[in-house]
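Okay, so here's the structure we're looking at.
The values are calculated or read from the model by the stated rules, or taken from the named source; none is laboratory data. These numbers were taken from a predicted model, which means no experiment stands behind them. Note that each Cβ is placed from the backbone with ideal geometry, even for glycine, and that neighbours are counted across all protein chains shown. These area figures cover heavy atoms from the full protein model, side chains too; ligands, DNA and RNA do not enter into them. Shrake-Rupley method; radii C 1.70, N 1.55, O 1.52, S 1.80 Å.
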There are 2 protein chains.
Amino acid sequence: MDRIPILKLGSALLVTIQVDMHDRLATALQEDLTEKIVATHAKGVLIDISALEIVDSFIGRMLDHIAAISRMLDAETVVVGMRPAVAITLVELGLSLTGVRTALDVERGMEMIRRRLEEPEVADGDDAGA
Amino acid sequence: MDRIPILKLGSALLVTIQVDMHDRLATALQEDLTEKIVATHAKGVLIDISALEIVDSFIGRMLDHIAAISRMLDAETVVVGMRPAVAITLVELGLSLTGVRTALDVERGMEMIRRRLEEPEVADGDDAGA
């Protein structure tokens, strides 16, 4: 397997991480996601990590990276299904995933993205014009 | 990885198959799916196989099996994202997946399940009473 599938669900993209990530796979995922956000005009990226029992700093950084790239393309990243032990590890590693939102499951993640779409666009860049 | 994650999306369950299936993983998936269909009252099971470049008779039979079990529990199985080469292989293997519906992508698969929910329930067992 050299590619992680990216599924389109309404205005969001869903990625389920099931396999051990290595450099090339992570790079491929970032590239594929970027292209797909642009191609589908997606407003959100859901990354399901419920299959991961261990998250190391490499994956932590990858999630941060994906969130940063998605934000540039006006899509919000929501990490879903994180196990409690993984949350503890991430904090211990000093990775608090500041640019990433989290939700307990895909449905709540989708709800977050849906709510974001309903918010008035003005709220974001309001101060700049004042 | 000893479990394939099953994600709940509305009234459907979504499974993305990314890794090589072996006996134990396939059995675990069937058990997990069965439990989750009952627990969530899911009406559909979406199995995304877009990551699979090769589908052998083992996976073909597993898909058939899952569809048969789901049907018993009143949930419809839709296989999504099948590559053209995989479709050719399945037919050559004599596995035409008769109990399984297919859709090109997850969104169309979800649409199928949604439409099924809207259909009047009477249509199914109508003849039995006549």
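Checked against the criterion of being touching a residue at least 60 places away in the same chain (Cβ under 8 Å) and open to solvent by 10 Å² or more (accessible area, probe 1.4 Å), the candidates A:Ser96, A:Ser11, A:Ser57 yield just one match: A:Ser11. Being buried (at least 18 other Cβ atoms within 10 Å of the Cβ) and closer than 16 Å to B:Leu13 by Cα holds for only one residue in B:Val79, B:Val86, B:Val38, and it is B:Val79.
Being in a helix (DSSP H, G or I) and open to solvent by less than 40 Å² (accessible area, probe 1.4 Å) is the filter here, so list the residues in region B:99-116 that pass it. Steps first, answer last, please.
To start, the set of residues in region B:99-116 that are in a helix (DSSP H, G or I) comprises B:106-116.
Hits for region B:99-116 are B:Val106, B:Gly109, B:Met110, B:Met112, B:Ile113.
Counting only strands (runs of 3 or more DSSP E) wholly contained in region A:1-80, the ones carrying 2 or more residues that are more than 10 Å from chain B (Cβ to nearest Cβ) occupy A:12-16, A:44-48, A:76-80. On the stretch given as region B:13-41, residues that are closer than 15 Å to B:Gly109 by Cα and touching an Asp or Glu at 6+ places or on another chain (Cβ under 9 Å) total 3.
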